[in-house]
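Read the figures in this text as sums done on the coordinates, not as results from a lab. What you are looking at is a predicted structure, and each value in this text was computed from that prediction instead of being measured. Please note: Cβ atoms are built from the backbone with ideal geometry, for glycine as well, and neighbour counts cover all protein chains shown.
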Amino acid sequence: MGSYIPSTREERLEMLKTVGVSDYRDLYRDVPQEMYLDRPLNIPEGKSELEVSRTVRAMAEKNRVFPTVLRGAGAYDHYIPSIVRYIPTKEEFLTAYTPYQAEMSQGILQSIFEYQTMICELTGMDISNASVYDGATAAAEAAAMCRDRKRRVTIISGAANPDTINTVRTYCYGTGDELRIVPVKDGKTDLAALKELLTADVASVYIQQPNFYGLFEDADAIGEAVHEAGAMYVMGCNPIALGIMKTPRECGADVAVGEGQPLGMPLSFGGPYLGFMATLQKHMRKLPGRIVGETTDTKGERCYVLTLQAREQHIRREKASSNICSNQALCALTAGCYMAAMGPAGLAEAAKQSMSKAHYLAALLTAIEGVTLRYSGEYFHEFVTEMPKIPEVLEALEADGILGGLPVEGGILWCATEKISKAELDRAAAIVKEVLSK
Amino acid sequence: MKLIFEKSVPGRGAAVLPACDVPEVQLSAALRREKAPLLPEMSETDMSRHYTELNKRVHGVNCGFYPLGSCTMKYNPRIDEEMAALPGFTGVHPLAPAHTTEGCREVLKTAGELLCEITGMDGMTFQPAAGAHGEFTGVLLIKQYHEARGDLKRTKIIVPDSAHGTNPATAAMCGFQIVNIPSAPNGCVDLEALKAVLGEDTAGLMLTNPNTVGIFDENILEITRLVHEAGGLCYYDGANLNAVMGVVRPGDMGFDCIHLNLHKTFATPHGGGGPGSGAVGCKAHLAEFLPRSAMMDEEGHIQVRSFAGNFLVVVKAMTYILTLGREGIPEAAQNAVLNANYLQAKIKGTFTPAFDRICMHEFVLDLSKFKKETGVSAMDVAKTLIDNGMHPPTMYFPLIVHEALMLEPTETESRDTLDWAADVFRKLYDLAHTDPDYMHASPHHAQIGRPDEVKASRNPVLRWNPEA
């Protein structure tokens, strides 16, 4: 049996004596006998490290890891520089708690301050929080932060990721506030329909850029309509695309959020990831979550602390609009490392190559008889094709170590990143062609 | 130390990506950003040294004693990290076909079954990413339950005033009115106060047991019975489960749903504030209301995060539980309680425990009399502990004890460490009587002196500014 308790049997007996109790049961004297568990737990016996290692490795081996991933839809397989994988495994970063004690947590606080700065640079916004759980909750937190007494309704584009829509729906269900979903037209947010929905009680509108189908929304025009109606404009952005794409600030957004996973986090069956969240100066005191600020210490030296905590649940209790009191610190550290390792040029290169490879793949696929693009709009690194024999195509790709695109609404949503080589794309297209020519 | 931006040199960088091997495609002009983000430009050496320097300015559980009450800062086993880093887990796309992700699904199923047995629950979700997130999920189960029964008059959630601040915030996020009830002096539920507020409008009660002062509420069966009789449900805040796992189960105490902090009780690291996992368990009558992912599972359910939550954290917790097993789980709880009582006994005679009795996995010191005598506050003591290489206990919580310091040593500390800690506390107790000014000015040897928090809040500087 494995155990991480250092005290020996003799030590424990002496300690019990020091405490003045006869045995462990006596320590639990407040626990009524009728509920005291008088049987062993019905779980396996403890194991040695080697045995556990075998058991868990056997589970990992039951998964299939695809060398080539052409599937995104919210989780993206980008190349992660080696140093980005290594730094967050350092034990101090890994095992520390939330940096409440600034005097012994400057390393974490500074790493978050640097992360906040990078997110501001990436999004063009003024201030960023220390991160939230993921992109979907960032969207939900943004909706909550935009509500006030008069404006309670949240609008979300139907072209956003379904997990994001469903999460925002759940948070709205919690507070009992209305959610309206904008219909999709030609793969994009239907602007005319949105305008119909923009009544005087709308608090915020969320769009995803590029959207779930990979298409670029007309973010400026949407922003104008939203602001005309007096509502707040929230944009959920792909952080890699932001290496080259017009920033939410430039599009007129009030709040910029997004799924931070592409910034150095592996796919990991969905988590841990992180949500980034940034806003304008004027909304500073509404921004939920942890925030790190710069100050000076007793010697006048620059240092960092958790700040603006009067916004938080432990002070506002039942008046709080969010209960979040942690961040994804280690993921924020990872994202910071990733952005530092890539630099502005590297990030732009990852974005350009992802986009170029997706377009190359689309060109190869649409050259095949029977394959067409579903939408005509400009896209980033994802696109939807129409084709026959979808299950057969995906099966044939799988047999060759390629995770094909995701079946959505009768088509396939493909994704390519800088990690995929031309040879892999050629190979994938050849397999699709072969299946369809049968 | 310098910020990473202050070490950046234009033109530096690491060669990470090869040249593009397909025809390059440009964004149309209207979609391009005006200028590049001002991200650092670093060589790999610069980066490695920068983050090593930062890492030296962090106190982790691996550095030393970390008795932060309510946070269960136990040792984080390395094998758990190694298992979570297996490419067979990290390389799996959450939307890959089910027959290629059997291992991941087995992890979720196994961890769910283990935790259901440990807590006495019937269903478990790993979607919530943190404790507060789990609370939100759990209270939404209660909301759905009443609604599904057409019982729409239940609009109130009862929260004792000793509760974690997240409890009332959570209830508000779920659209409930909060009814605060006063605790008995020992932090336990005042049965009369509870009876007085129970009624047809009661949706549920949120409770931590052992409570926030480290005492097991011996009336717990009576409490959950009263709530159920009134038609409400009982929510268990699992923050303090480390005291009782394998010894007594929340399900057997009468709770309907719970959240667990895998990053506390089940030894997964806190990572400086996350990622954690706020798994939520429930009895069978609530299982149909558990969250699902629209992408991975199906529409029509609540959802609190994308996909299946912080999956790798679940791998770590499962590895931990499999290692400890049926004997090791209760043994960990028993020794967490033993260590807390031992440290309390060793400190007694100097600082005063708020409750002079056997505690659970943590105990609270009440420094109000000490402060009157010496002028030295709980904060001063905490900051002087830093100079002694110890992470301070939780300060000024729970709110029902004044000048509180809350200590939770956990089971992974040796008797030697506890003896050393008690010595440090005794030393500071004496120092406060001889040189209080020294303690007011602490820390003296830390990374920094006390930060000016008022300045940080009044003139917020929340990012590096190149012009400054």
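Report, as an integer, the average count of C-beta atoms from other chains found within 10 Å of each Cβ along B:125-137.
Working: counts 0, 2, 4, 2, 12, 9, 3, 7, 7, 0, 1, 7, 2.
Other-chain Cβ atoms within 10 Å of each residue's Cβ, averaged: 4.
Using only the alpha carbons of segment A:32-177, determine the length spanned along each of the three principal axes and report them from longest to shortest in whole angstroms.
Taking the Cα atoms of segment A:32-177, the three principal extents are 57, 50, 46 Å.
GluC sites (Glu not before Pro) within segment B:121-202: which are DSSP loop residues with at most 12 other Cβ atoms inside 10 Å? Walk me through the numbers on the way to the answer.
Values: sites: B:Glu135, B:Glu147, B:Glu192, B:Glu200; in loops: B:Glu200.
Passing sites in segment B:121-202 are B:Glu200.
If you count the DSSP beta bridges with both ends in chain B, what percent of them are antiparallel, to the nearest 5?
Values: 16 of 31 bridges.
Roughly 50 percent of the beta bridges in chain B run antiparallel, per DSSP.
By how many degrees, between 0 and 90 and to the nearest 10, does the Cα long axis of helix A:162-175 differ from the longest principal axis of chain A?
50
How big is the convex hull of the Cα atoms of segment A:344-415, per residue, in Å³?
On the way: hull volume 6.9 nm³, N = 72.
Considering the Cα atoms of segment A:344-415, their hull volume per residue is 96 Å³.
Place the peptides B:333-341, B:296-304 in order of packing, highest mean first, counting for every residue the other Cβ atoms within 10 Å and averaging per peptide.
On the way: B:333-341: 26.6, B:296-304: 17.6.
Descending packing order for the listed peptides: B:333-341, B:296-304.
At A:Arg54 and A:Leu13, where each label point lies 7 Å from the Cα along Cα→Cβ, what is the point-to-point distance in nanometres?
For the pair A:Arg54/A:Leu13, the computed spacing is 3.4 nm.
Using a 4.7 Å cut-off between beta carbons, which cysteines in chain B end up with no partner cysteine at all?
B:Cys20, B:Cys63, B:Cys71, B:Cys104, B:Cys116, B:Cys174, B:Cys188, B:Cys234, B:Cys359
Which whole-number percent gives the relative contact order of segment B:349-416, counting Cα pairs below 8 Å spaced six or more residues apart?
On the way: 88 pairs, mean separation 22.1, N = 68.
Averaging sequence separation for qualifying contacts and normalising by length gives 32 percent for segment B:349-416.
Roughly what angle does helix A:422-437 make with the longest principal axis of chain A, taking Cα atoms, 0 to 90 degrees, to the nearest 10?
Rounded to the nearest ten degrees, it is 60.
Enumerate the whole-percent occupancy of each 5 Å bin, from 0 to the last occupied one, for all C-alpha pair distances of segment B:5-128.
2, 7, 8, 9, 12, 13, 13, 13, 10, 7, 5, 1
Just want to confirm a number: the relative contact order over chain B, from Cα pairs under 8 angstrom separated by 6+ residues, in percent. Let's see the in-between values first.
Working: 820 pairs, mean separation 86.8, N = 468.
About 19 percent, as a whole number.
Let me spell out the model: positive unit charges on the Cβ of Lys and Arg, negative unit charges on the Cβ of Asp and Glu, origin at the Cα centre of segment A:82-336. What dipole size does that give, in debye rounded to 20?
Values: 24 positive and 29 negative charges, 119 e Å.
Roughly 580 debye, rounded to the nearest 20.
With the alpha-carbon atoms as the only input, what is the per residue convex hull volume for the protein assembly as shown in Å³?
Considering the Cα atoms of the protein assembly as shown, their hull volume per residue is 151 Å³.
Could you quote the convex hull projected area for chain B, Cα atoms only and averaged over all directions, in nm²? Walk me through the numbers on the way to the answer.
Values: hull surface 111.1 nm².
Mean orientational projected area (chain B, Cα hull): 27.8 nm².
Between segment B:88-114 and segment A:162-228, how many Å separate their Cα centres?
What the calculation gives is 32 Å, centre to centre.
Please get the size of the charge dipole for the protein assembly as shown, origin at its Cα centre, with Cβ charges of +1 on Lys and Arg and -1 on Asp and Glu, quoted in debye to the nearest 20.
Once rounded to the nearest 20, the dipole reads 1020 debye.
Once the Cα atoms of segment B:78-322 are picked out, what are the Rg and Dmax in Å?
17.8, 56
Wrap a convex hull around the Cα atoms of segment B:349-413, take a quarter of its surface area, and give that in square nanometres.
4.8
Helix A:106-123 sits at what angle to the longest principal axis of chain A, using alpha carbons and giving 0 to 90 degrees rounded to 10?
10
With the Cα gyration tensor of segment A:1-116 giving a ≥ b ≥ c as the square roots of its eigenvalues, does the rule (a/c under 1.5 for rounded; else a/b larger than b/c for prolate; else oblate) give rounded, prolate or oblate?
Details: a/c = 2.63, a/b = 1.56, b/c = 1.69.
Oblate shape, in that a/c is at least 1.5 and b/c is the bigger or equal ratio.
Which one, A:Met118, A:Gly223, A:Thr18, is farthest towards the positive end of the dipole of chain A when Lys and Arg carry +1 and Asp and Glu -1 on their Cβ?
Result: A:Thr18.
Express the relative contact order of chain A as a whole percentage, based on alpha carbon pairs under 8 Å and six or more residues apart in sequence.
For chain A, the relative contact order is 20 percent.
If you take every DSSP beta bridge fully contained in chain A, what fraction is antiparallel? Give it as a percent rounded to 5. Mind dumping the intermediate values first?
Working: 25 of 44 bridges.
Antiparallel bridges: around 55 percent, rounded to the nearest 5.
What do the square roots of 5 times the Cα gyration tensor eigenvalues come to for segment A:9-61, in whole Å, largest first, as semi-axes of the equivalent ellipsoid? List each step's numbers first, then the result.
Values: eigenvalues 232, 67, 10 Å².
Value: 34, 18, 7 Å, ordered largest first.
Across peptide B:98-104, how many C-beta atoms of other chains are within 10 Å of each residue C-beta, on average?
Details: counts 0, 3, 7, 4, 5, 11, 7.
Mean shielding by partner chains, rounded to a whole number: 5.
May I ask you to list, by number, the DSSP H helices of chain B whose Cα span along the axis is at least 27 Å and whose average Kyte-Doolittle hydropathy reaches 0.5 or more?
In chain B, the long hydrophobic H runs are B:311-347.
Return the FRET efficiency for the residue pair B:Asp419, A:Ala423: r is the Cβ-Cβ distance, R0 is 45 Å, and the value is rounded to the nearest 0.05.
Details: r = 64 Å, r/R0 = 1.42.
Efficiency, rounded to the nearest 0.05: 0.10.
I'd like to know which of B:Leu207, B:Leu312, B:Cys257 lies farthest towards the positive end of the charge dipole of segment B:78-322, counting +1 on Cβ of Lys and Arg and -1 on Cβ of Asp and Glu.
B:Leu312
Just the projected area, averaged over all directions, of the convex hull on the alpha carbon atoms of segment A:82-336: how many nm²? Working shown, then result.
Numbers: hull surface 56.2 nm².
Projected area, direction-averaged: 14.1 nm².
Report the one residue of B:Asn339, B:Phe425, B:Val376 whose Cα lies farthest in the direction of the positive end of the charge dipole of segment B:330-449 (charges on C-beta: Lys and Arg +1, Asp and Glu -1; origin at the Cα centre).
Going by the charge dipole, the pick is B:Val376.
Viscosity 1.002 mPa s, temperature 20 °C: give me the Stokes-Einstein translational D for segment B:20-88 in µm²/s, with Rh taken as the Kirkwood radius over C-alpha pairs. Before the final figure, lay out the partial values.
Working: Rh = 17.8 Å.
Estimated via Stokes-Einstein, D reaches 120 µm²/s.
How many Å³ per residue does the convex hull of the Cα positions in segment B:330-449 occupy?
Details: hull volume 12.1 nm³, N = 120.
It is 101 Å³ per residue.
Please give the residues of segment B:240-277, grouped as numeric ranges, whose backbone N is less than 16 Å from a label point set 7 Å along the Cα-to-Cβ vector of A:Met1.
B:244-248
Quick one: Cα centre-to-centre distance for segment B:140-156 and segment B:385-464, in angstrom?
44
Just to be sure I understand: of the beta bridges DSSP finds with both ends in segment B:125-254, what percent are antiparallel, rounded to 5?
Numbers: 1 of 13 bridges.
Around 10 percent antiparallel, to the nearest 5.
To one decimal place, what Kirkwood hydrodynamic radius in Å is obtained for chain A from all pairs of distinct Cα atoms?
Values: mean 1/r = 0.0410 Å⁻¹.
When all Cα pairs of chain A are included, the Kirkwood radius is 24.4 Å.
Looking at segment A:379-416, which GluC sites (Glu not before Pro) are in a loop (DSSP not H, G, I, E or B) and have at most 16 other Cβ atoms within 10 Å?
Numbers: sites: A:Glu382, A:Glu386, A:Glu392, A:Glu395, A:Glu398, A:Glu409; in loops: A:Glu409.
Here the sparse-neighbourhood loop sites are A:Glu409.
Write down Rg/Rh for segment A:248-366, rounded to two decimals, with Rg from the C-alpha atoms and Rh from the Kirkwood relation over Cα pairs. Walk me through the numbers before you get to the answer.
On the way: Rg = 18.7 Å, Rh = 17.5 Å.
Looking at segment A:248-366, the ratio lands at 1.07.
Any of B:Lys346/B:Lys369; A:Lys282/B:Lys455; A:Lys150/B:Lys156; A:Lys299/B:Lys74; B:Lys264/B:Lys369 with alpha carbons more than 27 Å apart? Name them for me. Each step should come with its number before you reach the end.
Values: B:Lys346/B:Lys369 19 Å; A:Lys282/B:Lys455 19 Å; A:Lys150/B:Lys156 23 Å; A:Lys299/B:Lys74 34 Å; B:Lys264/B:Lys369 32 Å.
Those over the limit are A:Lys299/B:Lys74; B:Lys264/B:Lys369.
Among the trypsin sites (Lys or Arg not before Pro) in segment A:113-168, which ones are in a DSSP loop with at most 16 other Cβ atoms within 10 Å of the Cβ? Mind listing them? Walk me through the intermediate numbers first.
On the way: sites: A:Arg147, A:Arg149, A:Lys150, A:Arg151, A:Arg152; in loops: A:Arg147, A:Arg149, A:Lys150, A:Arg151, A:Arg152.
Here the trypsin sites (Lys or Arg not before Pro) that fit, given the DSSP loop and packing criteria, are A:Arg149, A:Lys150, A:Arg152.
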